[in-house]
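Worksheet for the structure shown next.
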Amino acid sequence: MNQWSPFTWAALFAISAMLVNTFGIWLVYRFRRQAEKAKEKVMCFAAGVLIASPLIMAFPEAVEHSQWGGLAALGGFIFMFFSNRLIRRQTGQTELAFGITALQGIAIHSLVDGITYSVTFTASVQTGFLAGIGLVAHELAEGIITYTILRHSGRSARRSIFFAFLVAALTTPVGTFLAWPLVSQLSRQGLGIALGFVAGVLIYLSASHLLPEATKDDHHHAWPAFLSGIALSLLLLVTHH
Ligand SMILES: [Zn+2]
């Protein structure tokens, strides 16, 4: 595994993210009910990975690289909080406006997802791997959500597939490849700050977005899926160290 360059790994994960997202779009187009069921489980699993991996891997590594790692993590969390508030505040007028503002939010979110692969794989292949598994898993839900929003805003199925792919799926590798030249040039200090920021973003994503969404109906499968995400992260941590 270590003979591959960090860039190869980041590219592999970013493209997998795009494919899983596209699969989610197709799934909800083709099998609506099954897709909704799968979405909840996958969100819980992704929430488990995305709360464990920043706390046990990305954040400690950020603090090791830079004394500003903790502050950067706080910044990442606050950034996500306010960007989500902005999206929510602008929604609710008309269906179409909802579609467009939500899509802007998803596009920015997906770009940040992509940048995360660049930052974490530049730090180390292990850190990238841990965050990457959770991120790729949550792409399924993201594809399903984006398609659903587009359909609700009145677009045809075919246009919804096309725009969901552009906004949610394609933006992730674009983010990775745009960020790579910059991120790979960062100093140790700069990488620590970037890694801290990303850890804050991932913690927000898990605790404030995926978990409340996935557990709001309180289904029985929520906890096993969440705990299996955490267990997988711990297993990867143990086997890679
Ligand atoms: Zn995402």
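What's the exposure ranking of 18, 43, 80, going from fewest to most Cβ atoms within 10 Å?
80, 18, 43
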Most mobile listed residue (111, 202, 186) in the chain, GNM with C-alpha springs under 10 Å
186
Please compute the modelled spin-label separation between residue 187 and residue 220, points set 7 Å along Cα→Cβ, answer in nm with one decimal.
5.7 nm
What is the range 6-240's relative contact order, in percent, from Cα pairs under 8 angstrom and six or more apart in sequence?
44 percent
For the range 187-195, 3J(HN,Hα) per residue [Karplus equation, 6.51 cos²θ - 1.76 cosθ + 1.60, θ = phi - 60°, Hz, x = Gly/Pro]
6, 4, 4, x, 5, x, 5, 4, 5
Between the alpha-carbon centers of the range 148-172 and the range 49-83, tell me the distance in whole angstrom.
31 Å
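Averaging over all projection directions, find the projected area of the Cα convex hull of the chain and quote it in nm² with one decimal place. Spell out each step's value before the answer.
Values: hull surface 49.3 nm².
Spelled out: convex hull of the Cα atoms, projected over all directions, averaged, 12.3 nm².
No value in this document is a laboratory result; all are computed from the given coordinates. Because the structure is a prediction, the values reported are computed rather than measured. Don't worry about glycine lacking a Cβ; one is built from the backbone with ideal geometry, like all the others, and counts go over all protein chains shown.
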